[in-house]
Amino acid sequence: MAKEAESNVQSVERAILILEKLSEEKKGCGVTKISKDIGLSKSTVHRLLLTLMNKGYVEKEIDSDNYRLGKRILYLANSILDSLDIGNISRPYLKKLAELTDQVVHLAVLDGDKAIYIDKVESHSNKRSVRMNSQIGKRIPLYCTAVGKVLLWDFDENFIKALIKEKDMIKYTQNTITNIDGLINELKKSKERGYAVDEVEFEEGIRCIAAPIYNREGKVEAAVSISGLTIHMTDDKIKEIKGILIQITEEISYQLGYIKK
């Protein structure tokens, strides 16, 4: 019985690895690549894929041998998002912010040592809105994104140093901060001014500004960002929209029970 239970747990862990791998592959992924990337035999991967397909969590493309996440995943995701009051409360404000700024708006929360997008809104006009490599559920670094910096505001230096290892601070662009002291200094400055900026630190050509959403205890609950191409997100544009962003996040915070002192 003990060996059977251990085997079942191992199968669950392996199935989760497959689902996580497929979540990274927008165009689908074949058995060979999955097997190589997660370190399992092809036969094991194939067997687990069949089980996941039977349950609707994985789909096989008709015209290829690639697999992708199934629609059943949406039921799990939606049940989580529906339980987040902040998502429901923020949604109309995010739409308003996207229309006012004509840019992409994200809502993110802390997820371990990463930030995770729980909502994304693009301007309907699409005159200046840029198609970013982002989607709901995507996890991004804390140290080189505007939302990530905001989500770190509540923590002291020791916690930040324990959470983010300097050796793991990948240099995504020439502007990426790759040392803890530089990050902590940037966090202090951003908190003092009330918003954080991603100065083309995570994606080439993309500049972002973010502000916090506070809960009723006055702690940072989430972060809202406005993102756009550098040709649109100029210094003058940042000055123009920072007040709008802060006003919107303050309204959301108020709806969550936060009373500004």
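The values are calculated or read from the model by the stated rules, or taken from the named source; none is laboratory data. The structure displayed is predicted, hence computed values, not measured ones. Positions of Cβ are backbone-derived with ideal geometry, glycine not excepted, and every protein chain shown enters the neighbour counts. Each accessible area value is taken on the protein alone, full model and side chains, heavy atoms only, with ligands, DNA and RNA left out. Shrake-Rupley method; radii C 1.70, N 1.55, O 1.52, S 1.80 Å.
Going through the range 225-261 one residue at a time, which ones are open to solvent by less than 40 Å² (accessible area, probe 1.4 Å), assigned to a helix (DSSP H, G or I) and among the aliphatic types (A, V, I, L, M)? Matches in the range 225-261: 238, 241, 245, 248, 252. Only one of the numbered conditions (1) modelled with pLDDT under 95; (2) of a type in the set (S, T, N, Q); (3) open to solvent by 10 Å² or more (accessible area, probe 1.4 Å) is violated by residue 175, and that is (1). Taking first residues from the range 38-65 that are in contact (Cβ under 8 Å) with a residue 40 or more places away in the chain and partners that are assigned to a helix (DSSP H, G or I) and open to solvent by less than 30 Å² (accessible area, probe 1.4 Å), the Cβ contacts under 7 Å between residues at least 6 apart in sequence or on separate chains come to 58/22; 58/49; 58/52.
Could you check, for the range 198-210, whether at least one of its residues is without any contact (Cβ under 8 Å) to a residue 24 or more places away in the chain and farther than 13 Å from residue 148 by Cβ? No, because not a single residue in the range 198-210 is without any contact (Cβ under 8 Å) to a residue 24 or more places away in the chain and farther than 13 Å from residue 148 by Cβ. Restricting the range 184-224 to residues that are part of a loop (DSSP other than H, G, I, E, B) and touching a Gly at 6+ places or on another chain (Cβ under 9 Å), the residue that is surrounded by the most Cβ atoms within 10 Å (Cβ to Cβ) is 202. Can you confirm whether residue 80 is at pLDDT 90 or above, of a type in the set (A, V, I, L, M), open to solvent by 80 Å² or more (accessible area, probe 1.4 Å) and assigned to a helix (DSSP H, G or I)? Considered against the rule, which asks whether it is at pLDDT 90 or above, of a type in the set (A, V, I, L, M), open to solvent by 80 Å² or more (accessible area, probe 1.4 Å) and assigned to a helix (DSSP H, G or I), residue 80 comes out as no.
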